[in-house]
Structure formats: C-alpha cells, structure tokens
Amino acid sequence: MLDGEIAIDDPRAADVQALLQRHLTFAHAHTPAEHAYALNVAALLGPAITFCSYRAGGELLAVGALHQLDATHGELKSMHTAEAARGRGIGRAMAGHLIALARDRGLRRVSLETGTMAAFAPARALYASLGFTPCGPFGGYQLSPDNTFMTLRLA
C-alpha cells in the first residue's frame, strides 16, 4: 500500500527541478540527442500540460505529466521515479493517476514515447502491463530505432 499523494505541482519547485534534471540526464545518457524527447521545466509549464508529483512525508518520489495533444488524445510525459523509490508501485500509481485524469477530460486515447534501449525496459514493461500497445509515431514524432511508441484506448 502506498502512503503518498499525487497532486498537481509546479515544475519550478527546487526539488522537482532536481528530479527532472535526473530524468533528463537519464534520457540523454541512454538515447541519442536527436531522439531524446524528455521535456525541460520550461516546456512543462505549457498550457496543454498538467504536471503532477508524488510525495510521501513531504519527500518528492516521482513526477509525471499529461500533455493534451487535442480534444481526444493525450500523451504521458516526464514519467520519472526517484531511484531509491523504484519497485514500490509509485510509477504505476502515477501512470494510473494520469490515465484517470485523461478519462475525466473525455480523452479517448493516451499515448507515449519511450526508448528502445535496455535501460527503458522497465518502463516499457510497466506501460504494457497497464494495457498500452505498440503504435506508430504520433504528435509530430518521427519513426526511429531509438524510440518506442505505445497507446492506450480509453473506454
């Protein structure tokens, strides 16, 4: 059982910026720069993005965002769990929260982009376990050997 709370947060908060920097460092360490699509703080402030954090006892353990691409399609972005908090179901809780938010907004589909490298295997496994299936590029992405695209139809 998780003891934290997921809520809308400000990506400019100091602890959030630190976790986002670790996310960007991870993405760029495992993906060629031209195919790394992790968002920085400025991009996460966009009007079509809802940025959330998971905190337990005041400690930031994970972040994630829902980017509304259009009236029916959203994208999961910036999903990252602090290394010390992995394996506790926090990433699953964040993804579930963002999917529920998409449903509440009447979206019919949620998609995501992640890496193809071994370092991204846990993320791909999590998304597959939530019902995401492979799909083609969406939202301006280009097909590449470094990126995996997945989607989830919402009932």
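The values are calculated or read from the model by the stated rules, or taken from the named source; none is laboratory data. Being a predicted model, the structure only gives us computed values, none of them experimental. Glycine also receives a Cβ, built like all others from the backbone with ideal geometry; neighbour counts cover every protein chain displayed. All accessible areas refer to the heavy atoms of the entire protein, side chains included, with ligands and DNA or RNA removed. Shrake-Rupley method; radii C 1.70, N 1.55, O 1.52, S 1.80 Å.
See the values below:
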{"quantity": "Scan of segment 99-116 for residues that are part of a loop (DSSP other than H, G, I, E, B) and β-branched (Val, Ile, Thr), ordered by number", "calculated": "116"}
{"quantity": "Residues of segment 49-106 classified as closer than 17 Å to residue 139 by Cα and not polar (S, T, N, Q), total", "calculated": "13"}
{"quantity": "Of all residues in segment 40-55 being in contact with a helix residue (DSSP H, G or I) (Cβ under 8 Å, 6 or more places away or on another chain) and not hydroxyl-bearing (Ser, Thr, Tyr), the one that is most open to solvent (accessible area, probe 1.4 Å)", "calculated": "40"}
{"quantity": "Residue 75, sole failed condition from (1) open to solvent by less than 60 Å² (accessible area, probe 1.4 Å); (2) out of contact with any Lys or Arg (no Cβ under 7 Å at 6 or more places or on another chain); (3) over 17 Å from residue 113 (Cα atoms); (4) not polar (S, T, N, Q)", "calculated": "(3)"}
{"quantity": "Residues that are under 16 Å from residue 150 (Cα atoms) and of a type in the set (Val, Ile, Thr), drawn from segment 84-105", "calculated": "99"}
{"quantity": "Tally, over segment 134-151, of residues that are in contact with a helix residue (DSSP H, G or I) (Cβ under 9 Å, 6 or more places away or on another chain), of a type in the set (A, V, I, L, M) and assigned to a loop (DSSP other than H, G, I, E, B)", "calculated": "0"}
{"quantity": "Yes/no for residue 8 being in contact with a Cys (Cβ under 7 Å, 6 or more places away or on another chain) and closer than 20 Å to residue 112 by Cα", "calculated": "yes"}
{"quantity": "Which listed residue, of 115, 139, is open to solvent by less than 40 Å² (accessible area, probe 1.4 Å), in contact with a strand residue (DSSP E or B) (Cβ under 8 Å, 6 or more places away or on another chain) and more than 20 Å from residue 85 (Cβ to Cβ)", "calculated": "115"}
{"quantity": "Test: residue 99 is in contact (Cβ under 8 Å) with a residue 40 or more places away in the chain, β-branched (Val, Ile, Thr) and touching a Leu at 6+ places or on another chain (Cβ under 8 Å)", "calculated": "yes"}
